[in-house]
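See structure below.
Just so you know, all these numbers are worked out from the coordinates, no wet-lab data involved. Just so it is clear, the model here is predicted, and its values are computed rather than measured. Every residue, glycine among them, receives a Cβ derived from its backbone with ideal geometry; neighbour counts consider all protein chains shown.
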Amino acid sequence: MGEKLSDSALDTIFRTARTYNGYTDEPVTQDQIRQIYDLLKMGPTSANQQPARFVWLLSQEAKDTLAACATGTNPDKIRKAPAAVVIGMDEHFHDHLPFLFPHTDAKSWFEGDAKAALRHDHAFRNSSLQGAYLLIAARAIGLDTGPMSGFDPDAVNKAFFADQPNVTVNFIATLGHGDPATIFGRSPRPDFERFNRVD
């Protein structure tokens with residue numbers, strides 16, 4: 001049975017956490033990246049598919065490459081961030097299921113050209129979950145994030161997944177220690193009654 005988190009922890013992960021447009025100069029370390037991954041990989045995915053593929057960008061050259069693929073105000077945010085990450089999705093995730101889900105022959109559920117749409121749906125859904133776990137894990141270890149979808153996916157795929165044709169980008173994000181001066185007031189969050197029902 002899980003233990004209830006403190007109000008302070010819930011604030012850190014959800015209630016007072018924000019999406020940042022800029023960061024302080026404090027770096028993001030490889031150790032922190034590994035901490036994030038070691039947390040996010042524990043989040044549930046269907047049949048433990050783990051379809052997300054992450055490219056962590058710490059060098060300025062790598063961030064500049066991603067920035068060149070971004071649109072709107074995102075290029076400058078990426079260039080100036082201490083770190084960025086490309087969250088991709090592997091539509092051949094099923095090749096790894098004998099290792100990841102050894103309880104049954106789960107690989108056979110997704111094999112063949114006729115299952116391509118099914119593989120895409122599972123890869124997208126579960127890599128999106130893993131991307132969300134990434135954001136939560138980063139906040140949990142004291143970092144802030146700036147997830148974004150303003151980019152040219154073909155350009156990102158060519159830049160970061162050219163050698164992995166089965167992997168395509170889902171979304172991207174920046175990481176660091178957020179600078180409060182770069183955010184505006186929190187946008188409204190709806191009350192339960194607005195978008196929920198209990199049957």
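Yes/no per residue for (1) assigned to a loop (DSSP other than H, G, I, E, B); (2) not basic (Lys, Arg):
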residue: Lys4; (1), (2): yes, no
residue: Asp11; (1), (2): no, yes
residue: Ala17; (1), (2): yes, yes
residue: Asp25; (1), (2): yes, yes
residue: Val28; (1), (2): yes, yes
residue: Arg34; (1), (2): no, no
residue: Leu39; (1), (2): no, yes
residue: Gly43; (1), (2): yes, yes
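Quick one: in region 45-63, of everything that is within 14 Å of the chain's Cα centre (by Cα) and not charged (D, E, K, R), which residue is farthest from Pro82 (Cα to Cα)?
Selected residue: Thr45.
Can you name the residue in region 144-179 that is farther than 18 Å from Gln130 by Cβ and touching a Lys or Arg at 6+ places or on another chain (Cβ under 8 Å) and, of all such residues, is surrounded by the fewest Cβ atoms within 10 Å (Cβ to Cβ)?
Out of the qualifying residues, it is Gly178.
Does Ala9 qualify as being small (Gly, Ala, Ser), at positive phi and more than 18 Å from the chain's Cα centre (by Cα)?
no
Being among the hydroxyl-bearing types (Ser, Thr, Tyr) and under 20 Å from the mean Cα position of the chain (by Cα) is the filter here, so list the residues in region 64-108 that pass it.
If the condition is that a residue be among the hydroxyl-bearing types (Ser, Thr, Tyr) and under 20 Å from the mean Cα position of the chain (by Cα), then Thr65, Thr71, Thr73 are the ones that fit.
Could you please give the count of residues in region 126-153 that are assigned to a helix (DSSP H, G or I), in contact with a helix residue (DSSP H, G or I) (Cβ under 8 Å, 6 or more places away or on another chain) and of a type in the set (A, V, I, L, M, F, W, C)?
Residues that pass the stated criteria total 5.
Mind checking whether some residue in region 103-125 is of a type in the set (Phe, Trp, Tyr) and not in a helix (DSSP H, G or I)?
For region 103-125, residues of a type in the set (Phe, Trp, Tyr) and not in a helix (DSSP H, G or I): absent.
For region 1-18, give me each residue that is in contact with a strand residue (DSSP E or B) (Cβ under 9 Å, 6 or more places away or on another chain) and buried (at least 17 other Cβ atoms within 10 Å of the Cβ).
At the first step, the residues of region 1-18 found to be in contact with a strand residue (DSSP E or B) (Cβ under 9 Å, 6 or more places away or on another chain) are 17-18.
Selection gives Ala17 alone.
Report whether or not Ala47 is touching a helix residue (DSSP H, G or I) at 6+ places or on another chain (Cβ under 8 Å) and either in a helix (DSSP H, G or I) or basic (Lys, Arg) (or both). It would help to see each step written out before you state the result.
Details: touching a helix residue (DSSP H, G or I) at 6+ places or on another chain (Cβ under 8 Å): yes; either in a helix (DSSP H, G or I) or basic (Lys, Arg) (or both): yes.
For Ala47, the condition - touching a helix residue (DSSP H, G or I) at 6+ places or on another chain (Cβ under 8 Å) and either in a helix (DSSP H, G or I) or basic (Lys, Arg) (or both) - is met.
Of all residues in region 82-102, which are crowded, with 20+ Cβ neighbours inside 10 Å and either of a type in the set (A, V, I, L, M, F, W, C) or on the phi > 0 side of the Ramachandran plot (or both)?
Of everything in region 82-102, those that are crowded, with 20+ Cβ neighbours inside 10 Å and either of a type in the set (A, V, I, L, M, F, W, C) or on the phi > 0 side of the Ramachandran plot (or both) turn out to be Ala83, Ala84, Val85, Val86, Ile87, Met89, Phe93, Leu97.
Specify which of the listed residues (Asp144, Asp90, Asp152) is of a type outside the set (Gly, Ala, Ser), touching a His at 6+ places or on another chain (Cβ under 9 Å), touching a residue at least 40 places away in the same chain (Cβ under 8 Å) and closer than 20 Å to Ala62 by Cα.
After ruling out the rest, the residue left standing is Asp144.
Arg79 - would you say it is in contact with a helix residue (DSSP H, G or I) (Cβ under 6 Å, 6 or more places away or on another chain), surrounded by fewer than 20 Cβ atoms within 10 Å (Cβ to Cβ) and under 22 Å from Gly150 (Cβ atoms)?
Yes.
Looking at region 64-76 only, could you name the residues that are surrounded by fewer than 20 Cβ atoms within 10 Å (Cβ to Cβ) and either at positive phi or assigned to a helix (DSSP H, G or I) (or both)?
Residues satisfying the conditions are Asp64, Thr65, Gly72, Pro75, Asp76.
Against the definition (farther than 17 Å from Ala173 by Cβ and touching a Lys or Arg at 6+ places or on another chain (Cβ under 7 Å)), how does Glu61 come out, yes or no?
no
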